[in-house]
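Trainee: Here it is: the structure, laid out below.
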Amino acid sequence: MNEHFDIAIVGGGMAGASTAAEIGDAANVLLLEAEDMPGYHATGRSAAFWEECYGGPAIVPLTLASGTYLHEHGFLSDRGALYLAREQDEALIEKFFADFSCSGAFFERIGRSELGRIVPGLQPEWDRAIWQPRCADIDVAGLHAHYLAMAKAAGIVPQCRARVEAISREQDKWTLTLADGREFSAGTLVNAAGAWADEIAQMAGVQPLGITPYRRTVVQLRVDPPPLDDLPLCLDIAGEFYFKPESGRLWLSPHDETPSPAVDAVPEELDVAIAIDRLEHNTNWQVRGLERKWAGLRSFAPDRLPVYGRDPSCPEFFWFAGQGGYGIQTAPAAARLGAQLLLGRERDAMTQALDAGAYSPARFR
């Protein structure tokens with residue numbers, strides 16, 4: 001006879017771990033992770049920043065709501081961010097101000113003289129920028145470990161190497177069959193499977209939402225001159241690249257979004273070459289060595305907003321997915337909101353300003 005739980009969570013990354021931590025005081029919870037350790041995929045490959053406007057206006061409330069928790073628990077360190085622009089990007093600057101001026105995010109416009117002081121080495125055509133002083137680095141591993149420790153304190157230990165191969169439902173319970181033959185049952189199933197979210201839905205007989213994984217590439221470079229320790233996160237406002245310093249090296253991405261199957265993503269050589277070419281074209285820094293390269297999957301629903309809530313056609317199936325590249329910086333508020341929706345709890349100070357309907361799976365039905 002298989003072991004029964006109130007709630008089974010599929011996925012042990014940031015989404016699953018934070019959800020387990022938030023609900024562990026009220027339910028008997030099973031946390032399943034397909035890999036050898038939780039957080040192997042998107043969580044472990046994050047570019048690790050908290051930036052108020054990253055993801056668009058509809059993500060800002062989740063990001064801002066998470067900021068206090070992240071600061072108070074010591075997971076943020078000051079960085080600052082710049083959206084770099086040229087004369088031909090003026091319309092994008094105007095759109096940025098139109099999109100975010102009433103969002104609660106703080107930013108201001110700066111010119112070439114200040115930009116050159118903050119980021120020495122930019123080519124002259126980069127003569128304007130939007131400055132965001134509150135951007136910060138996130139201790140991703142620390143935050144993930146924090147949530148796993150909270151879950152453990154509630155008696156929830158992730159079952160690793162626990163890949164789900166079949167899901168069935170009868171007599172008001174889900175039965176989950178793993179690749180090694182083990183079976184577990186639960187009353188409610190939480191889909192926190194990231195890039196595999198639609199696959200889990202299909203296994204459960206629930207209509208997929210069209211959540212699509214996209215590959216994002218990052219490289220670690222040794223450059224001359226070395227990046228300043230206090231160099232801010234720098235993003236091309238047109239979306240062609242971003243970079244930030246990391247322990248004397250430079251983390252660089254070509255800001256790629258390539259549709260991908262749900263796999264253990266690896267970087268393509270062409271994307272690595274494009275990233276380096278864009279850096280060398282837009283700065284006078286010399287690349288002296290490629291030290292690391294990796295890729296992760298960012299999973300988006302069709303409208304590029306996350307999905308939190310019970311499926312309208314199957315309320316015992318709860319979506320916590322489609323978080324794109326913003327699931328780390330929004331984790332505290334998203335997990336708290338998810339727990340409140342899942343357990344029928346009242347909103348609190350962290351979530352009271354969030355519009356749960358904007359993230360509900362019902363918007364697709």
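Trainee: If I stretch the segment between Ser247 and Arg222 completely, what's the gain in nm (0.36 nm per residue apart, minus their alpha carbon distance), one decimal?
Mentor: Taking 0.36 nm per residue and subtracting the Cα distance, the gain is 8.0 nm.
Trainee: Give the lysines reachable from Lys173 as a straight Cα distance under 28 Å; neighbours fewer than 8 places away on the same chain don't count.
Mentor: Correct list for Lys173: Lys152.
Trainee: Principal axis extents for region 289-355, Cα atoms only, whole Å, descending order, please.
Mentor: 53, 30, 19
Trainee: On average, how much area does the Cα convex hull of region 97-209 cover when viewed from any direction, in nm²? If you can, show how the numbers build up before the last one.
Mentor: On the way: hull surface 51.8 nm².
For the Cα atoms of region 97-209, the hull's average projected area reads 13.0 nm².
Trainee: Another question, if that's okay. Just round it to a whole percent: the fraction of Cα-Cα distances in region 253-330 exceeding 19 Å.
Mentor: So the portion of pairs separated by more than 19 Å is 54 percent.
Trainee: Sticking with this one: Got the relative contact order for region 1-146 handy, in percent, Cα pairs under 8 Å and 6 or more residues apart?
Mentor: Values: 185 pairs, mean separation 41.5, N = 146.
In percent, rounded to a whole number, it is 28.
Trainee: Sort the following peptides by mean Cβ neighbour count (other Cβ atoms within 10 Å, averaged over residues), highest first: 175-181, 331-337.
Mentor: 331-337, 175-181
Trainee: May I pose another question? Quick one: P(r) of region 64-136 from all Cα-Cα pairs, 5 Å bins, percents rounded to integers, in order of increasing distance.
Mentor: P(r) for region 64-136, in whole percents per bin: 3, 14, 23, 20, 16, 12, 8, 3, 0.
Trainee: Mind checking the alpha-carbon convex hull of region 1-144 and giving the volume per residue in Å³? Display every interim value, and only then the final one.
Mentor: On the way: hull volume 21.4 nm³, N = 144.
About 149 Å³ per residue, rounded to a whole number.
Trainee: Relative contact order for the chain: what percent, with Cα pairs under 8 Å and sequence separation of 6 or more?
Mentor: Normalised by residue count, the contact order of the chain is 23 percent.
Trainee: Moving on to the next point. Take every Cα-Cα pair in region 177-302 and report what % of them are more than 20 Å apart.
Mentor: The proportion of pairs with Cα distances above 20 Å equals 54 percent.
Trainee: What does the charge count around Pro259 come to, taking other residues whose C-beta lies under 12 Å from its C-beta (Lys +1, Arg +1, Asp -1, Glu -1)?
Mentor: +1
Trainee: Let me ask something else about it. Rounded to the nearest 0.05, what FRET efficiency do Phe106 and Asp6 give with R0 = 45 Å and r taken as the Cβ-Cβ distance? Could you check?
Mentor: E(calc), rounded to 0.05, equals 0.60.
Trainee: Using only the C-alpha atoms of region 229-279, find the volume of their convex hull and express it per residue in Å³.
Mentor: Working: hull volume 5.2 nm³, N = 51.
Given the Cα convex hull of region 229-279, per-residue volume reads 102 Å³.
Trainee: Here's something else I'd like to know. Once you put a point 7 Å from the Cα of Asp99 and another 7 Å from the Cα of Ser77, both along the Cβ direction, what distance in nm separates them?
Mentor: Result: 2.9 nm between the two label points.
Trainee: Using alpha carbons only, how many angstrom separate the centre of region 277-310 from the centre of region 318-338?
Mentor: 19 Å
Trainee: Return the calculated 222 nm mean residue ellipticity for the chain, to the nearest 500 deg cm²/dmol, obtained by summing -39500 (n - 2.57) across DSSP H runs with n ≥ 4 and dividing by the residue count.
Mentor: Here the helix-only value at 222 nm equals -7500 deg cm²/dmol.
Trainee: Determine one quarter of the surface area of the Cα convex hull of the chain, which equals its mean projected area, and express it in nm² to one decimal.
Mentor: Approximately 17.8 nm², given one-decimal rounding.
Trainee: Describe numerically, in nm with one decimal, the distance between label points set 7 Å from Cα along Cα→Cβ at Glu280 and at Arg161.
Mentor: The modelled label-to-label distance comes out at 4.4 nm.
Trainee: Order the peptides 160-168, 185-193 from the highest to the lowest mean number of other Cβ atoms within 10 Å of their residues. Mind dumping the intermediate values first?
Mentor: Numbers: 160-168: 15.9, 185-193: 24.7.
Top to bottom by mean Cβ count within 10 Å: 185-193, 160-168.
Trainee: Okay, next question. Under 18 Å from a point 7 Å along the Cα-to-Cβ line of Thr68: which residues of region 350-365 have their amide N that close?
Mentor: In region 350-365, the label zone of Thr68 (backbone N under 18 Å from the point 7 Å along Cα→Cβ) covers 350-356.
Trainee: Order of His144, His73, His281 from fewest to most other C-beta atoms within 10 Å? Don't jump to the answer; show the numbers that get you there.
Mentor: Numbers: His144 23, His73 13, His281 10.
By the 10 Å Cβ count, ascending: His281, His73, His144.
Here, each number is a calculation from the coordinates, and none is a lab measurement. No experiment lies behind these values; they were computed from the predicted model shown. Please note: Cβ atoms are built from the backbone with ideal geometry, for glycine as well, and neighbour counts cover all protein chains shown.
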